Amino acid sequence: MKISKPSLSFWQIFNMNVGFLGIQYSFGLQQTAINPIFLYLGASEDMLPILNIAGPVTGLIVQPIIGALSDKTWSLKWGRRKPYFLIGALLGSICLFMFPHSPVLWFAVGLLWILDVGNNVAMEPYRAFVGDKLPEKQLSLGYQMQSLFCGLGTLLATGSILLFQYLFGEEADVAGTIPQWIYYSFYIGAILSLTTILWSVFKTAEIPPSDEELKEINKIKQLSLLNKMAKPFVEIREAVKEMPKFMWKIGAVYLFQWYALFVYWQFSTPLFMKTMGYSISEAGSQSAAMSLTYNTTTMLIALILVPLTLRFGNKKMYATSLFGTALALFCIPFITDPWLVTMPMILFGIGWATMMGIPYTMVSKIVPQERRGVYMGILNMMIVIPMGIETLTFGPIYKYLLSDNAVFAMLFAGAFFAIAALLALRLNETSNK
């Protein structure tokens, strides 16, 4: 069901996406600071994949359910997607404040589970929120704006880690202890998680549901509690049954792309401990510096991709960027100069910008408005399923097939990106049946 939507100004699109900054700052800390914290608290390298299983499991369960619920939610005061933003942001803020105070490994792992629930509750409706508000011709700008904030959020997270380590990080690593300079980045994240969401909530009004949608929402309100609880699962089942062919194809791309990304995030710190002889703090800082480079690139390139995708097409831009990311990961293990590592990370940043924008633009164009939330949830299931597979399988692969060698882990990730790029060439936005 197509709904006519007015075009929005650049700043209206900017304001509606500001909340993504806080969400991505939190994810930025997960990418660059969580695994070093696990190492500080005594985790071994081959434990890192399984310790990160919180993300895939919570994403798999939470995102499609929240998507289905938000499709059938409407409040005159709070709207459709906004209540979920606020709940998720509040939960995330509390966890970020507590995380650096983790006394032991199991406590930090438990907090990661709760943090991931909060981030997923906030993020999934945000993807649908953009599709709800924008006409088709502005979808690319809307999702690339999210990509810009994705880069900026992670840039601020990693930049703060480097800054506070430089200012306050003179103490030597102590086993079982989290350095105090890490605390400050998490405190900033706790503030940003909530304040940026509130900015978007108060700056952007949601489009009311159509009469048909409102009738369906009111019908659900009359159901018994048991039937209300079952309704999201029924919606997910029906959506999967009727899912466009295009989404199955993008699921194949995501299988290799997100498996590879999780390997990269988990093993960049161990890689620099091996290739450059760094301590955990030094290797974590090098990993953060790489993140700084690629997220700066993402932030700068995100909006430039809008005219490029219009000229060359989403599929070509997406596949090319994935090949570039594969090349970056093939190069990094053989570079021993910390300054030269920034060069392949520019390619990685271009890839990250397309991964955070183009797939959502493509999917948003082909799914029905009334099911946008649940389909965005299913798309994010396609992210967390390969992550879950990675957390369960890559520990043994790393230990027994890759000889506990982080260099081989990075090359493995590069090969998976190359496969994802080949599969991306099969994507066709007209294949929506």
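Here are some notes:
- Restricting attention to segment 30-82 and to residues that are charged (D, E, K, R) and surrounded by fewer than 20 Cβ atoms within 10 Å (Cβ to Cβ), the residue that is farthest from the chain's Cα centre (by Cα) turns out to be Lys77.
- Taken over segment 1-41, residues that are assigned to a loop (DSSP other than H, G, I, E, B) and at pLDDT 85 or above amount to 5.
- The one condition in (1) assigned to a helix (DSSP H, G or I); (2) under 25 Å from Ile397 (Cβ atoms) that Met317 fails to fulfil: (2)
- In segment 152-159 there is no residue matching the filter, namely being in contact with a Ser or Thr (Cβ under 6 Å, 6 or more places away or on another chain), hydroxyl-bearing (Ser, Thr, Tyr), modelled with pLDDT of 85 or more and in a helix (DSSP H, G or I).
- The single condition from (1) modelled with pLDDT under 85; (2) surrounded by fewer than 18 Cβ atoms within 10 Å (Cβ to Cβ); (3) charged (D, E, K, R) that Lys245 fails is (1).
- Meets criteria (touching a Lys or Arg at 6+ places or on another chain (Cβ under 6 Å) and buried (at least 24 other Cβ atoms within 10 Å of the Cβ)) for Met376: yes
- Within segment 72-89, if we keep just the residues that are aromatic (Phe, Trp, Tyr) and in a loop (DSSP other than H, G, I, E, B), the residue that is farthest from Phe20 (Cα to Cα) turns out to be Trp74.
- Filtering segment 334-364 to residues that are surrounded by 23 or more Cβ atoms within 10 Å (Cβ to Cβ) and among the aromatic types (Phe, Trp, Tyr) leaves Phe348, Trp352, Tyr360.
- When Leu392, Leu411 are checked against the criterion of being surrounded by fewer than 21 Cβ atoms within 10 Å (Cβ to Cβ), at pLDDT 90 or above and hydrophobic (A, V, I, L, M, F, W, C), Leu411 stands alone in meeting it.
- Flag for Val174 being more than 26 Å from Leu310 (Cβ to Cβ) and modelled with pLDDT under 85: yes
- Selection status of Glu216, among the charged types (D, E, K, R), assigned to a helix (DSSP H, G or I), without any contact (Cβ under 8 Å) to a residue 12 or more places away in the chain and surrounded by 12 or more Cβ atoms within 10 Å (Cβ to Cβ): no
- Positions within segment 42-58 being touching a residue at least 40 places away in the same chain (Cβ under 8 Å), assigned to a loop (DSSP other than H, G, I, E, B) and farther than 13 Å from Asp116 by Cα, in sequence order: Gly42, Ala43
- Enumeration of residues in segment 176-206 that are surrounded by fewer than 14 Cβ atoms within 10 Å (Cβ to Cβ) and over 30 Å from Leu41 (Cα atoms): Phe202, Ala205
- Screening Lys231 on (1) surrounded by 13 or more Cβ atoms within 10 Å (Cβ to Cβ); (2) at pLDDT 80 or above shows it passes everything except condition (2).
- Test: residue in segment 126-137 that is under 17 Å from Ser193 (Cα atoms), within 14 Å of the chain's Cα centre (by Cα) and aromatic (Phe, Trp, Tyr): yes
Every residue, every condition in (1) in a loop (DSSP other than H, G, I, E, B); (2) aromatic (Phe, Trp, Tyr), yes or no:
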site: Pro338; (1), (2): yes, no
site: Met356; (1), (2): no, no
site: Val363; (1), (2): no, no
site: Ile385; (1), (2): no, no
site: Phe394; (1), (2): no, yes
site: Tyr400; (1), (2): no, yes
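- Hits in segment 285-309 (condition: within 16 Å of the chain's Cα centre (by Cα) and under 16 Å from Tyr360 (Cβ atoms)): Thr298, Ala302
- Some residue of segment 275-293 being crowded, with 23+ Cβ neighbours inside 10 Å and closer than 25 Å to Leu427 by Cα: no
- Leu69 being farther than 13 Å from Ser26 by Cα, assigned to a helix (DSSP H, G or I), at pLDDT 80 or above and not aromatic (Phe, Trp, Tyr): yes
- Segment 258-284, subset of a type outside the set (Phe, Trp, Tyr) and under 18 Å from the mean Cα position of the chain (by Cα), residue nearest to Gly42 (Cα to Cα): Gln266
The values are calculated or read from the model by the stated rules, or taken from the named source; none is laboratory data. Note that the structure is predicted; figures quoted are calculated from it, not measured. Every residue, glycine among them, receives a Cβ derived from its backbone with ideal geometry; neighbour counts consider all protein chains shown.
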